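*Asks:* Before I ask anything, let me first share the structure, which is written out below as structure tokens.
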Amino acid sequence: MSHVPANDPVLSVEHLAIGFRSGARTLRAVHDLSFQVARGETLAIVGESGCGKSVTALSLLGLVPPPGVVDGTAIRLEGRNLLGLPEAELRRLRGARIAMIFQEPMTALNPVLTIGEQIVEAIREHETVSAKAARGRAIELLNRVRIPDAERRFADFPHRLSGGMRQRVMIAMALACAPAVLVADEPTTALDVTIQAQILELIDTLKRENGTAVVLITHDLGVVAEHADRVLVMYSGRKVEERAVADLFADPLHPYTRGLIAARPRLGGADRTRTRLTEIPGTVPSLAAMPGGCAFAPRCGFALPACAAATPPLMPARSGGVACLRAGELDAAEPARLRAVGA
Amino acid sequence: MSLLDVAAAPPSLATPRNGLLTRLLRRPSALVGLLLLALIVAMAASAPLLFPDDPLDMVAQPFLWPGADPAYPLGTDMLGRDLASGIFHGARVSLLIGAVATLVSLVIGTGTGALAGYYGGRVDAVLMRLTELFQTIPPFLFALAIVAILQPSIPTITLAIGITAWPSLARLLRAEVLKLRHGELVQASIALGASDARIIALHILPNTLAPIIVSSSILVASAILTESSLAFLGLGDPNVVSWGGMVGAGREVLRTDWYVATVPGLAIVAAVLALNLLGDGLNDALDPKGERRA
């Protein structure tokens, strides 16, 4: 269905900037963000709360709520620039070529319609099909998202389904028209751990079957390690590092990435001692009080005076890029309090 | 797709899903309300058959106590008018005014509330200030003033009650729509490419129907009460019999022949009680999760 060759990016974001108007000022939530996702690829966007990852996800569908303002060079979906596209055109693409699943499957389904009717609606929003054909497709979709006894589940109301089942229904609705890109904003945060793994497996399988490109927004590095192909690390609205997933975990280049990886809880070593979780000191700066230069510098153990002078540019690094003046020399300059990193 | 269809959806796995009526009947208070209301409706429907003569005609000797003459089971008032005939015919007036006035309130109230809640911003500000303007005047006094100016008749009384009772409905609907408008359901639908019209028709209105239906039943009750109060004060339609008017007439003989005011008074109590019980029952029965609690 896609007219994009296999290795070209289906989704290409160029110099995206998102701001929120607050009185006379505009607070920048995302700065100069560029990335690409290819068919069948999963790009994970990770970062702390408030780093701009969710608003980036919304901008991909043109859903940034007012007073948010999106600009930049382009958000290209299958070669077509979505920025500046009229709302009616955007609406035709949403759900059809780019779809999104949300964090809360409990509240994203309509309590007074059966799940089958809701999937049928998702199909008929974009395609003119008979009620019978739509029903058949909805049941097939329920089967594909591994909902047992789909024929009967079709007539169930959302409140009869567990959280995991509801997220499966959301996925079925999102994939109803076989979109080229699926944006998943923390799709498993509201689910318990065993269900999380099943849902992510399901997204992986469907991605392989359809060649869908997936943008996975998460703060869970465990999820990233298992389900992403590439990782984009955001800090304070900027890309600080983008790498292939194996490289990122094996050899994180940015001090923030190192901090994130070090901050993961781990089981004790051979002696089964529990160690205190490593943390990144400080908090994300607020949009209204952004430091000059590298936004991470005030929390960074490696910061030099030069870091505060100018925002470090994104430099090419193995399988990606990193925006840090000291990226190449971190191992030599390991400060005491981050010694555990990469162990 | 309406709520009633939802309630009558095909049976599914664990427990059989029942129709709205069945779920309503499972609640004793709702059952009582429904039976009482059915009785009043039956009275209204059968009035011209059982009492073909004008209930305002003087048919027997005055002050016939209930039970004194089998031909007039509820007795007669000070002018010798048949109370039973008055009660039956009065039911027609009460139900008619209650239903039509509520319909007027529904149209104004849901329209105002839904537009204000969905579009927000300036639309919201203007419509809500208008609503507040109406709310500053006590509804009963407002209705009284309108009826006094326009001359009491069934249409003017209905209109007066209808245009004074809508603000609470508008506020309720605005809150419901606002909650849905910014919820994940609407956001997810937009992300799936749904249009404004489809979102309103499919996701917003069906999810506000339950509170609308419930408050409608209460509105009918309060409209009946307002109409009775107006009639009690002598601002009823002078050409038709009304429960409130009957109570008003009986007031003068309350110390000696208290039944003249009490009989129509009980009718009002029954009607208002029935509608309130029904409203409560509907509130539970319309909740799609209601079965769990039942």
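The values are calculated or read from the model by the stated rules, or taken from the named source; none is laboratory data. Predicted, not measured: the structure shown is a model, and the values here were computed from it. Quick reminder, even Gly has a Cβ in these numbers, built from the backbone with ideal geometry, and neighbours come from all protein chains shown.
*Asks:* Looking at this structure, is A:L16 of a type in the set (A, V, I, L, M), under 17 Å from A:S236 (Cβ atoms) and at pLDDT 85 or above?
*Replies:* Taking the combined requirement at face value, the residue satisfies it.
*Asks:* So how many residues does the stretch B:117-133 have that are free of Cβ contacts under 8 Å to residues at least 60 places away in the same chain and small (G, A, S)?
*Replies:* Final tally of qualifying residues: 2.
*Asks:* Can you pull out every residue in the stretch A:264-288 that is among the aliphatic types (A, V, I, L, M), under 25 Å from A:T218 (Cβ atoms) and at pLDDT 70 or above?
*Replies:* A:L277, A:I280, A:V284, A:L287
*Asks:* For the stretch A:36-68, name all the residues that are more than 12 Å from the chain's Cα centre (by Cα), touching a residue at least 40 places away in the same chain (Cβ under 8 Å) and assigned to a strand (DSSP E or B).
*Replies:* Matches in the stretch A:36-68: A:A38, A:G68.
*Asks:* Would a scan of the stretch A:158-181 turn up a residue that is among the basic types (K, R), within 11 Å of chain B (Cβ to nearest Cβ) and over 16 Å from B:A188 (Cβ atoms)?
*Replies:* Yes: the stretch A:158-181 contains one or more residues that are among the basic types (K, R), within 11 Å of chain B (Cβ to nearest Cβ) and over 16 Å from B:A188 (Cβ atoms).
*Asks:* Turning to a different aspect of this structure: Would a scan of the stretch A:125-140 turn up a residue that is closer than 22 Å to A:K207 by Cα and basic (K, R)?
*Replies:* There is at least one residue in the stretch A:125-140 that is closer than 22 Å to A:K207 by Cα and basic (K, R).
*Asks:* Working only within the stretch A:134-183, note down all residues that are among the small types (G, A, S), surrounded by 22 or more Cβ atoms within 10 Å (Cβ to Cβ) and in contact (Cβ under 8 Å) with a residue 40 or more places away in the chain.
*Replies:* Listed by number, the residues that qualify are A:A172, A:A174, A:A176, A:A180.
*Asks:* Can you find even one residue in the stretch A:95-108 that is in contact (Cβ under 8 Å) with a residue 40 or more places away in the chain, within 26 Å of A:T26 (Cβ to Cβ), crowded, with 23+ Cβ neighbours inside 10 Å and more than 11 Å from chain B (Cβ to nearest Cβ)?
*Replies:* no
*Asks:* Specify the residue that is nearest to A:I280 (Cα to Cα); the eligible residues are those in the stretch A:309-343 that are at pLDDT 80 or above and outside any loop (DSSP other than H, G, I, E, B).
*Replies:* Going through the qualifying residues, I end up with A:V322.
*Asks:* Continuing with the same structure: Tally time: how many residues in the stretch B:177-188 are more than 8 Å from chain A (Cβ to nearest Cβ) and either in a helix (DSSP H, G or I) or closer than 15 Å to A:R124 by Cα (or both)?
*Replies:* Final tally of qualifying residues: 6.
*Asks:* One residue is enough: does the stretch A:59-80 have a residue meeting the conditions surrounded by fewer than 22 Cβ atoms within 10 Å (Cβ to Cβ), of a type in the set (D, E, K, R) and facing chain B (nearest Cβ under 10 Å)?
*Replies:* No, the stretch A:59-80 has no match at all.
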